[in-house]
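**Student:** What follows is a single structure, and I will ask about it in a moment.
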Amino acid sequence: MALAAAALVSGAMAGAAKAQDTIKVGILHSLSGTMAISETTLKDVMLMLIDEQNKKGGLLGKKLEAVVVDPASNWPLFAEKARELISKDQVAAVFGCWTSVSRKSVLPVFKELNSILFYPVQYEGEESERNVFYTGAAPNQQAIPAVDYLAKEEKVERWVLAGTDYVYPRTTNKILEAYLKSKGVKPEDIMINYTPFGHSDWQTIVADIKKFGSAGKKTAVISTINGDANVPFYKELANQGVKATDIPVVAFSVGEEELAGIDTKPLVGHLAAWNYFQSVETPENKAFIEKWKTFTKNDKRVTNDPMEAHVIGFNMWVKAVEKAGATDPDKVIDAIVGVQVPNLTGGVSEMLPNHHITKPVLIGEIKDDGQFDVVWNTDGLVPGDAWSKFLDGSKDLVADWKTLKCGNYNTVTKKCGA
Amino acid sequence: MINLRDFLRTLLLLVFTTSGAFAGPYEDALPKFAADSYSDTEAAIGTVAASGHPLSLPLVEALRDGRLLASAGQVFIREPSGGLINAATGQAFGPVPADLKPVRLNNRVRRAIEAAMGGLTLLSSGAAARREAARAVFRSRDAAALRTIEQAIAREADPDLKLALQAARASILLGNEAASTADRLWAVETLRERGDQDALALLSSLPAGTQPEIVEPADRAADSIRSRLALWSALQNVWYGVSLGSVLLLAAIGLSITFGTMGVINMAHGEMVMLGAYTTFVVQEIIRTHVPSLFGASLFIALPLAFVVTGGVGVLIERTVIRFLYGRPLETLLATWGLSLILQQAVRTIFGPMNREVGTPAWMSGALELGGLSLTYNRMAIVLFAFAAFGTLLLVMKYTSLGLYMRAVTQNRRMAGSIGIRTNRIDALAFGLGSGVAGIAGVALSQIDNVSPNLGQGYIIDSFMVVVFGGVGNLWGTLVGAMTLGVANKLLEPYAGAVLGKILLLVAIILFIQRRPRGLFALKGRAVEA
């Protein structure tokens, strides 16, 4: 009754007063430009989650209000729009970014204005900030288990690390190279290859991979090729007759959404490593897919891993706000560590003191209908490492915002700040 | 109701199963398929393939195609016609459990299937099946298939197929410690004659501890294959270059009209290519839902439509925007750049930001092996198409009145106007022609690239590079420019890598333009006067 009265009063009052009666949530995803292909979906899933929370009665007795901005795949614009969301719109938290460079671009803004960012995409790690919560996978939650799977199940001995030339593939490949060498793989059995963004002529590289793979040892490709460049890459693989049974390709950036643009019949058996697949059969996932299709009014819309990361991140934030009894960033940052929410693959993910979360790792094989068949998964949930154990510069670093209050504490020199 | 065929088959199987009334290895293996474990499935495939049971081939085929269903220890084969038969009895009737699920596959299981199929179909009557079987055995090196393959070689009449079968036999013998030295030396020789990358792989990966009298000839054979392949790989790189060059040519050829002959810096050129690709998508969607039998011809249907659609958009743009901006290159650049953003966002709003699937007709899939060269059909089609488009455009410019008028307007607009050419109309048509050609390039590029709103962005810089390098206003310059850049890029790539290769090429072009600002083939005309 009190609620209804409050709603009535607020409805009668002018806009300025109304602003205080809703909790604003910022959505910072590109809706135009090159990244729109991936990020538009994340905006939609956030709108759905907020809508759903409002139907449940909102948060702390207030309705949630989504504030959507379009940073247009333009990195400096990300920082500008983030500033606008925090200073002008006074949002309680922001869900957004896809590429690492966009995250790096908004970081100073979130630190300066002390707000909260939930970042939903798998990334290269080597970072832990007080104001950022990383709900996507760190390399130890995606890349390393995928390599283990190939070495164990497919008996792979020769490795091609192929990636787009930017920070995520470069760092991930550096970690993987160190990891493979630590497992006794010889340098001549590792081939590293970088291509520009949007590379579309893969003839030479696929031929090189074929050649590299014909040395008599089982070969696999670890692909950190980004976004749009994947379609011509897979088309070329299919045309040159590279089959998954000969040289499997395991990708870290190819999900259900990316496969929507390809005829997947020649690709059956190639792999992807994620923490979520649409094909996972759990009641939670079934309900989520159902809601998503109803919300988008489109029966063909697929779900993917970063969407699940937003679901987990949003639910964690809601729980933390309820626990803290306020949306004040400092209180929420303190309250959210240790918060547990169910993920969509049947486990319970927890926010760790290093601001990463625990996730299961799944390996899926591409099916002819563009979905993935889960062929392997970790027994339990894997906690995300902010700093890789396999790199010289970071193996002594730990992040702990609960007790140490530090994102890069050096365990050797016992000092905060590498 | 049992029809005659079903009845006969049942009878046959009844005779087979009742006569023995024993549980053979085949029957023992069946429950393993229902265990939902990849290693069990893999083991069961081997057992089934070796059992000689009449149902083993249909069973393995069904497994490969996802038609093998299992439930609670029982296994069923769904026939291509839709009927269900029990894999244990071969009978079509009996209670069928409700929770049937296809037996799941992974790459390991798929490899086992391939190997089993190889062994099972070596003696098949179809030549294509035998060829596939020889290939499968060559890959699997499954010693169990040795006896069958020797039988198959003795029977084979087709010399080509015989060679493939012998290579398969050699692949088994080479690494087999139990085989005689003479046999293994024969294997080395056979593989050396085959001389491809697969043979090289076999020869250079002999197990440790192989006798030196086999290792030495194998090493020599591997060396000779290597030097042969090095030659082929140089040729292969040239082919890659020609194929990249033809993609550049396609993308740039329309621009060489709008920018080259008309002098319009058209930043929306890439979006015309994109519109062409989306036209292909729409055409294919309509064909898929209404007349799927026409799918193989979808690209030919899309070509004229793409020309009309993008040509129309081109004329519209010229009439509404560009004609007010002639002689003001900076404003044209900004206006067309704005147009390109508008077109991209419009397509994004209508079709969504996701990639759209444009299918490849069957005749454009796969590759032709020619000696040591591997020529993919889709690239070959694009090379031929690019040259055809170039030739047609050249003819239009040379031998039609439109071409004549266009050249006249390009060389001297006022004089052309004075002798009665409607220069306005020619401008619009020329811009339409350039855009239309970009549209048909989009049809071809939809086969190798993403069909997304960003498609055009990837080509705009390259197109300008080709036109400027080749010489503004000269179609032949565009051809030579595109091919030079393509081949140079592909020859650099193996040594410098894709990223550095591109940078080196850009630097080379900048230096070249410093020496010859008008490109390879300079032309007199409006571009010169401006």
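**Student:** Over the residues of segment A:166-310, compute the C-alpha Rg and express it relative to 2.2 N^0.38 Å.
**Tutor:** 1.17
**Student:** Then there's this: Work through the residues other than B:Leu248 whose Cβ is under 12 Å from its Cβ and net out their charges, Lys, Arg +1 and Asp, Glu -1.
**Tutor:** -1
**Student:** Show me the three semi-axes of the equivalent ellipsoid for chain A, from the C-alpha gyration tensor (sqrt of 5 times each eigenvalue), largest first, rounded to whole Å.
**Tutor:** Value: 38, 24, 19 Å, ordered largest first.
**Student:** Straight-line reach from A:Lys395: which lysines fall under 23 Å, measuring Cα to Cα and dropping same-chain residues less than 8 apart?
**Tutor:** Once the sequence-local lysines are set aside, what remains near A:Lys395 is A:Lys104, A:Lys174, A:Lys181, A:Lys183, A:Lys186, A:Lys359, A:Lys405, A:Lys414, A:Lys415.
**Student:** Let me ask you something else. Principal axes first, then extents: for the Cα atoms of the protein assembly as shown, list largest minus smallest coordinate on each axis, whole Å, largest first.
**Tutor:** Result, largest extent first: 89, 85, 72 Å.
**Student:** Quick check on packing: order A:238-249, A:321-332 by the mean number of other C-beta atoms within 10 Å, highest mean leading.
**Tutor:** The densest-packed peptide leads the list: A:238-249, A:321-332.
**Student:** Once the dipole of the protein assembly as shown is set up with Lys and Arg at +1 and Asp and Glu at -1 on Cβ about the Cα centre, which of A:Ser105, A:Asn354, A:Ile247 lies farthest towards its positive end?
**Tutor:** Working it through, the farthest residue towards the positive pole turns out to be A:Ser105.
**Student:** Using label points projected 7 Å from each Cα along Cα→Cβ, tell me how many nm separate A:Lys217 and A:Asp328, to one decimal.
**Tutor:** 5.9 nm
**Student:** Right, something else. Two decimals is fine: what's Rg over Rh for segment A:117-193, C-alpha atoms, Kirkwood radius as Rh?
**Tutor:** That ratio equals 1.02.
**Student:** Have a look at B:Ala230, B:Ala187, B:Ala143 and report the one farthest towards the positive end of the charge dipole of chain B, computed about the Cα centre with Cβ charges (Lys/Arg +1, Asp/Glu -1).
**Tutor:** B:Ala230
**Student:** Just going by the charge dipole of the protein assembly as shown, with Lys and Arg at +1 and Asp and Glu at -1 on Cβ, which of B:Ser37, B:Asn355, A:Ala138 is farthest out on the positive end?
**Tutor:** Of the listed residues, the answer is B:Asn355.
**Student:** Still on this structure, I have one more. With r as the distance between the Cβ atoms of A:Val68 and B:Leu370 and R0 = 41 Å, compute the FRET efficiency 1/(1 + (r/R0)^6) and round to 0.05.
**Tutor:** 0.15
**Student:** Once you put a point 7 Å from the Cα of B:Asp219 and another 7 Å from the Cα of B:Leu333, both along the Cβ direction, what distance in nm separates them?
**Tutor:** In this crude spin-label approximation the distance works out to 6.2 nm.
**Student:** Next question, about the same structure. Order of B:Phe351, A:Phe212, A:Phe78 from fewest to most other C-beta atoms within 10 Å?
**Tutor:** Taking fewest neighbouring Cβ atoms as first place, the list is B:Phe351, A:Phe212, A:Phe78.
**Student:** Something else: Computed FRET efficiency, Cβ-Cβ of B:Trp476 and B:Val291, R0 51 Å: what is it to the nearest 0.05?
**Tutor:** Values: r = 41 Å, r/R0 = 0.80.
For R0 = 51 Å, the calculated efficiency reads 0.80.
**Student:** What does the charge dipole of the protein assembly as shown about its Cα centre add up to, to the nearest 20 debye, if the Cβ of each Lys and Arg holds +1 and the Cβ of each Asp and Glu holds -1?
**Tutor:** 2360 debye
**Student:** Report the calculated FRET efficiency for A:Glu157 and B:Leu123 (r = Cβ-Cβ distance, R0 = 45 Å), to the nearest 0.05. It would help to have the intermediate numbers written out before the result.
**Tutor:** On the way: r = 34 Å, r/R0 = 0.77.
Once rounded, the FRET efficiency stands at 0.85.
**Student:** Shielding of A:233-242 by partners, i.e. mean partner chain Cβ atoms within 10 Å per residue? Each step should come with its number before you reach the end.
**Tutor:** Details: counts 0, 0, 8, 4, 0, 6, 12, 4, 6, 0.
Mean partner shielding for this stretch: 4.
**Student:** Additional query: Determine the shielding of peptide B:373-380 by partner chains: average, over its residues, the number of Cβ atoms on other chains within 10 angstrom of each Cβ. All intermediate terms of the calculation are to be shown ahead of the outcome.
**Tutor:** Details: counts 0, 7, 0, 8, 1, 4, 4, 0.
Mean shielding by partner chains, rounded to a whole number: 3.
**Student:** Determine, for A:Tyr276, B:Tyr278, the number of other Cβ atoms within 10 Å of each Cβ, and report the residues in order from fewest to most.
**Tutor:** Ascending Cβ contact count within 10 Å gives the list B:Tyr278, A:Tyr276.
**Student:** Going by amide H atoms built from the backbone, whose H comes under 5 Å of the H on A:Thr358, apart from near neighbours?
**Tutor:** Those qualifying (amide H under 5 Å, at least 5 residues apart or on another chain) are A:Glu350, A:Leu352, A:Gly384.
**Student:** While we're looking at this one, here's another question. Assigning unit charges at the beta carbon (Lys, Arg +1; Asp, Glu -1) and nothing else, what dipole magnitude in debye, to the nearest 20, does segment B:122-210 show about its Cα centre? Don't skip to the end; give the middle numbers.
**Tutor:** Values: 12 positive and 12 negative charges, 27 e Å.
Once rounded to the nearest 20, the dipole reads 140 debye.
**Student:** Taking 0.36 nm per residue of sequence separation and subtracting the Cα-Cα distance, how much length would be gained by fully extending the chain between B:Arg131 and B:Lys162, in nm to one decimal?
**Tutor:** 10.2 nm
**Student:** Further question on the same structure: Measuring from label point to label point, each 7 Å out along Cα→Cβ, what is the B:Thr210 to A:Glu284 span in nm?
**Tutor:** Result for the modelled spin labels: 5.2 nm.
**Student:** Follow-up question, since we're still on this one. Suppose every K and R has +1 on its Cβ and every D and E has -1 on its Cβ; what is the size of the dipole of chain B about the Cα centre, in Debye to the nearest 20?
**Tutor:** Computed charge dipole of chain B: roughly 2260 debye.
**Student:** Which of the GluC sites (Glu not before Pro) found in segment A:80-152 are loop residues per DSSP with 14 or fewer other Cβ atoms within 10 Å of their Cβ? Could the numbers behind the result be given before it?
**Tutor:** Numbers: sites: A:Glu80, A:Glu84, A:Glu112, A:Glu124, A:Glu126, A:Glu127, A:Glu129; in loops: A:Glu124, A:Glu126, A:Glu127, A:Glu129.
For GluC sites (Glu not before Pro) across segment A:80-152 that sit outside H, G, I, E and B with at most 14 neighbouring Cβ atoms in 10 Å, the list is empty.
**Student:** Separate question: Per residue of segment B:202-212, in order, report the coupling 6.51 cos²θ - 1.76 cosθ + 1.60 (Karplus, θ = phi - 60°) as ³J(HN,Hα) in whole Hz, putting x for Gly and Pro.
**Tutor:** Each residue's phi maps through the Karplus curve to give 5, 5, 8, 10, 5, x, 4, x, 6, 4, x Hz.
**Student:** Could you name the lysines in cross-link range of B:Lys502, using Cα to Cα under 21 Å and dropping any fewer than eight places away on the same chain?
**Tutor:** B:Lys490
Only the coordinates and a few stated rules stand behind these numbers; no lab work does. None of the values given here were measured: they were computed from a predicted structure. Note: ideal-geometry Cβ built from the backbone for every residue, glycine included; neighbour counts use all protein chains shown.
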